[in-house]
Amino acid sequence: MTTKEHTVVHEAHNVNARQAPEHFYKSQPGKGYITSMDQYYKMYNESINNPDAFFSKMAKEYLHWDRPFTKVQTGSIEKGDSAWFLNGELNAAYNCVDRHAFENPDKTAIIYEADDEKENRIITFGELLKQVSEVAGVLQSWGVKKGDTVAVYLPMIPEAVVAMLAVARLGAIHTVVFAGFSAGSLKDRVVDAGCKVVITCDEGKRGGKTVNTKKIVDEGLNGVDSVSRILVFQRTGTEGIPMRAGRDFWWHEETKKQRGYLPPVSCNSEDPLFLLYTSGSTGAPKGIVHTTGGYLLGAALTTRYVFDIHPEDVLFTAGDVGWITGHTYALYGPLALGTATIIFESTPAYPDYGRYWRIIERHRATHFYVAPTALRLIKRVGEAEIPKYDTSSLRVLGSVGEPIAPDLWEWYHDKIGNKNCVICDTMWQTESGSHLIAPLAGAVPTKPGSATVPFFGVNACIIDPVSGVELEGNDVEGVLAVKSAWPSMARSVWDNHDRYIDTYLKPYPGYYFTGDGAGRDHDGYYWIRGRVDDVVNVSGHRLSTAEIETSLVANDNVSESAVVGIHDDLTGQAVVAFVSLKNSDYIQENATEGDANHVTPDALRRELVLHVRSEIGPFAAPKTVILVRDLPKTRSGKIMRRILRKVASNEADQLGDLSTIANAEIVPSIISAVETQFFNAKKK
Ligand code: WTA
């Protein structure tokens with residue numbers, strides 16, 4: 001990728017920073033670990049100027065080490081060999097469960113908000129220790145040991161947390177695959193990670209509907225011989241779930257055979273804790289590698305300082321454990337601190353739009369963390385439900401996954417927070433492990449639309465994408481990068497360290513490149529503009545245009561495809577796929593059903609959308625497929641997505657310089673294809 005491709009949008013941001021509402025401090029005496037911007041700066045500067053002393057102190061304070069580390073860090077961003085807390089040994093499950101269970105076994109660890117509210121349950125730290133030990137015992141009896149990879153394909157139920165911690169207890173590496181992924185996507189990840197064991201359930205429940213989870217696993221693992229065992233949690237208990245003898249075992253039967261305590265395995269700080277696959281600009285999804293000590297510290301510190309979490313607080317992270325937000329802020333962060341976490345299986349609309357607020361009222365949640373896309377939905381159709389509930393327990397409202405527009409920020413602040421809460425717009429990534437840019441609740445004054453300032457240890461900077469030079473000072477605009485390693489930064493891409501270097505460290509040598517455009521304003525506040533690469537963010541889900549294109553061209557009739565992201569009022573961005581056919585005669589307006597040689601354009605478009613749904617997952621389905629004669633290309637044959645994005649965004653009058661297009665004559669036909677197949681179709 002050349003740096004010139006990173007074009008960024010310039011915007012003005014003359015907004016005054018706001019102090020935290022009085023209520024934030026008043027209602028909760030003693031709350032607010034850090035209470036002023038001066039205090040933040042002092043600690044931030046220390047974390048940057050003297051990271052070894054700063055993080056040594058933090059790591060000792062927040063984590064339990066079986067064996068102390070002897071050196072805080074080595075390696076560099078330049079070489080891509082950063083390592084933290086050398087020679088230190090610890091166990092993540094011990095840190096998240098045992099130490100709290102020993103101190104107070106009856107303290108709530110997990111609050112399970114089931115799809116059907118009648119099935120809600122509470123799990124204490126004592127019970128969690130027992131369950132994690134039992135599942136770890138099962139895995140150990142199957143030969144799972146330190147360094148092995150285990151896939152977890154489970155919906156948002158407490159057993160997902162138990163499974164992850166059980167894997168971590170053995171020093172093995174979990175790779176959670178979001179349960180909305182298709183059989184094919186599950187297979188790709190299980191094969192790439194080399195998993196021997198998969199943990200799943202019979203069926204899932206979401207929004208009152210049943211999901212055939214085990215069936216998807218069976219389909220995905222068909223022919224994958226490396227998987228020797230599958231542990232199946234009984235979520236619905238429906239009869240007749242096919243279990244293959246010798247490979248598939250029931251969770252409730254196997255755990256019964258285990259003892260309630262299994263000692264945790266000490267891990268080196270740099271041993272991988274988990275892999276999480278994420279989409280990039282090109283190629284197959286990457287298995288992002290996070291290590292035990294650094295990741296866990298990042299999770300604990302950001303949860304504590306950004307959210308100002310206290311042990312008696314209740315954190316409601318509405319994201320799924322299948323994504324990084326669920327890993328860090330529904331599991332590792334709160335549990336490392338001994339704080340209760342709400343595990344929510346359902347959707348904000350089930351059984352009605354009051355669901356989130358009922359959860360907050362019922363459990364007196366102090367923190368709510370969600371993606372703007374859910375807020376947009378509620379703002380549009382579910383606002384009337386909000387005043388029916390008592391949400392006065394809330395102190396901090398978090399936002400994650402995509403930029404939050406200032407008007408939505410205000411709405412969140414006024415309507416959900418009742419003007420009494422702090423809004424934490426948190427910018428981070430699967431690769432960063434924990435927050436990169438985020439306000440420390442109560443200490444850093446906020447500005448609607450800005451993620452504010454870097455977290456401790458995050459040496460954030462803005463680089464000019466054209467010259468590749470770092471832009472010093474304030475009032476600058478460019479791409480967001482980080483110039484020194486932080487503890488929770490991803491260490492590698494599984495089985496492909498070169499790809500790690502090429503993607504993150506090579507674009508701007510000496511810097512970690514986030515892939516996002518950003519500006520820094522006159523106060524030093526950061527404003528995230530969105531991805532500058534071919535990653536689309538739909539409803540907070542990170543999708544690779546390349547992956548969707550690969551899926552589309554796998555269809556026999558498709559010659560080429562180009563996928564772009566356009567603005568969407570509800571989902572933030574939406575996927576629009578342009579497709580050219582091998583044989584344009586294949587589509588005929590008056591084709592009849594059953595004709596093997598022709599189909600109607602509508603039928604083909606539907607087929608292609610369904611194809612992506614089943615190949616990747618429903619969340620990746622294009623909003624629309626536009627059939628075109630050819631795609632605009634440069635003389636070297638590169639597809640010009642910029643042109644397509646403009647046309648699909650109804651900005652065909654702003655195409656700019658067309659001189660680099662080799663086949664400029666097709667542009668009018670693309671404009672008219674978008675008109676008839678997309679804009680007019682929308683009006684109908
Ligand atoms: C985007 C999700 C603006 C960004 C935690 C990033 C955001 C990508 C924000 C990572 C935010 C995340 N404001 N953009 N507060 N948070 N992003 O890996 O483009 O699923 O690079 O991690 O989401 O997505 P990922």
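The values are calculated or read from the model by the stated rules, or taken from the named source; none is laboratory data. What you see is a predicted model; the values in this text were computed from it and never measured. Because the Cβ atoms are built from the backbone with ideal geometry, glycine has one as well, and the counts that use them run over all protein chains shown.
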Q.
Take residues that are of a type outside the set (Gly, Ala, Ser) and more than 14 Å from the ligand (Cβ to nearest atom) and tell me which of the helices (runs of 4 or more DSSP H) falling wholly in the stretch 237-347 contain 3 or more.
A. 251-256, 292-305
Q) Name the strands (runs of 3 or more DSSP E) wholly within the stretch 102-154 that hold at least 2 residues that are farther than 30 Å from Asp352 by Cα? A) 149-152
Q: Report, by residue number, each residue of the stretch 492-513 that is closer than 20 Å to Ser47 by Cβ, within 16 Å of the ligand (Cβ to nearest atom) and surrounded by fewer than 24 Cβ atoms within 10 Å (Cβ to Cβ).
A: Tyr511
Q.
I'm trying to understand the selection: among the residues of the stretch 467-497, which are farther than 20 Å from Thr302 by Cβ and part of a loop (DSSP other than H, G, I, E, B)?
A. Ser467, Gly468, Val469, Glu472, Gly473, Asn474, Asp475, Trp494, Asp495, Asn496
Q: Pull up the stretch 515-548, narrow it to residues that are in a strand (DSSP E or B) and small (Gly, Ala, Ser), then point me to the one that is surrounded by the most Cβ atoms within 10 Å (Cβ to Cβ).
A: Ala518
Q. Can we say Asp585 is modelled with pLDDT under 95, assigned to a helix (DSSP H, G or I) and not hydrophobic (A, V, I, L, M, F, W, C)?
A. yes
**Q.** Lone unmet requirement of (1) surrounded by 13 or more Cβ atoms within 10 Å (Cβ to Cβ); (2) among the acidic types (Asp, Glu); (3) closer than 18 Å to Glu560 by Cα for Asp585
**A.** (1)
(Q) Against the condition assigned to a helix (DSSP H, G or I), hydrophobic (A, V, I, L, M, F, W, C) and free of Cβ contacts under 8 Å to residues at least 40 places away in the same chain, how does Ile386 come out, does it pass? (A) yes
Q: Identify all residues within the stretch 473-484 that are surrounded by fewer than 23 Cβ atoms within 10 Å (Cβ to Cβ) and touching a residue at least 60 places away in the same chain (Cβ under 8 Å); write none if there are none.
A: Glu477, Val482, Lys483, Ser484
Q: Among the residues of the stretch 452-461, write down those that are more than 21 Å from the chain's Cα centre (by Cα) and either more than 21 Å from Ala336 (Cβ to Cβ) or within 14 Å of the ligand (Cβ to nearest atom) (or both).
A: Asn459, Cys461
Q: Would you mind finding the one in Thr328, Thr341, Thr303, Thr255 that is farther than 18 Å from Ile157 by Cα and at pLDDT 95 or above?
A: Thr303
Q | Single residue of the stretch 127-146 satisfying the filter (small (Gly, Ala, Ser) and over 29 Å from the mean Cα position of the chain (by Cα)) that is surrounded by the most Cβ atoms within 10 Å (Cβ to Cβ) | A | Gly137
**Q.** Check on Phe178, part of a loop (DSSP other than H, G, I, E, B), closer than 23 Å to Ile110 by Cα and either acidic (Asp, Glu) or within 27 Å of the chain's Cα centre (by Cα) (or both)
**A.** yes
**Q.** Residues (in a loop (DSSP other than H, G, I, E, B) and either more than 23 Å from the chain's Cα centre (by Cα) or without any contact (Cβ under 8 Å) to a residue 12 or more places away in the chain (or both)) located in the stretch 204-232
**A.** Gly208, Asn212, Asn222, Gly223, Val224, Asp225, Ser226, Val227, Ser228
Q) Quick check, is Ser559 over 30 Å from Pro272 (Cα atoms), surrounded by fewer than 18 Cβ atoms within 10 Å (Cβ to Cβ) and in contact (Cβ under 8 Å) with a residue 12 or more places away in the chain? A) yes
**Q.** Candidate set from the stretch 393-409 (those that are more than 11 Å from Trp357 (Cβ to Cβ) and free of Cβ contacts under 8 Å to residues at least 60 places away in the same chain); member that is farthest from the chain's Cα centre (by Cα)
**A.** Asp407
Q: Return yes or no: is Leu377 modelled with pLDDT under 95 and aliphatic (A, V, I, L, M)?
A: yes
Q) Just one of Gly417, Gly433, Gly449, Gly478 is over 21 Å from Asn49 (Cβ atoms), out of contact with any Lys or Arg (no Cβ under 7 Å at 6 or more places or on another chain) and away from the ligand (no atom under 16 Å from the Cβ); which is it? A) Gly417
Q. Which members of the stretch 613-627 meet the condition of being among the hydrophobic types (A, V, I, L, M, F, W, C) and modelled with pLDDT under 95?
A. Ile616, Phe619, Ala620, Ala621
Q | Every residue from the stretch 380-392 that is modelled with pLDDT under 95 and either buried (at least 17 other Cβ atoms within 10 Å of the Cβ) or within 15 Å of the ligand (Cβ to nearest atom) (or both) | A | Gly382
Q. Within the group Lys257, Lys286, which residue is farther than 28 Å from Asn87 by Cβ and touching a Phe, Trp or Tyr at 6+ places or on another chain (Cβ under 7 Å)?
A. Lys286
Q: Exactly one condition in (1) farther than 28 Å from Asp320 by Cα; (2) not in a strand (DSSP E or B) is not met by Tyr500; state its number.
A: (1)
Q.
Name the single residue that is modelled with the highest pLDDT among those in the stretch 400-434 being in a loop (DSSP other than H, G, I, E, B) and of a type in the set (Val, Ile, Thr).
A. Thr430
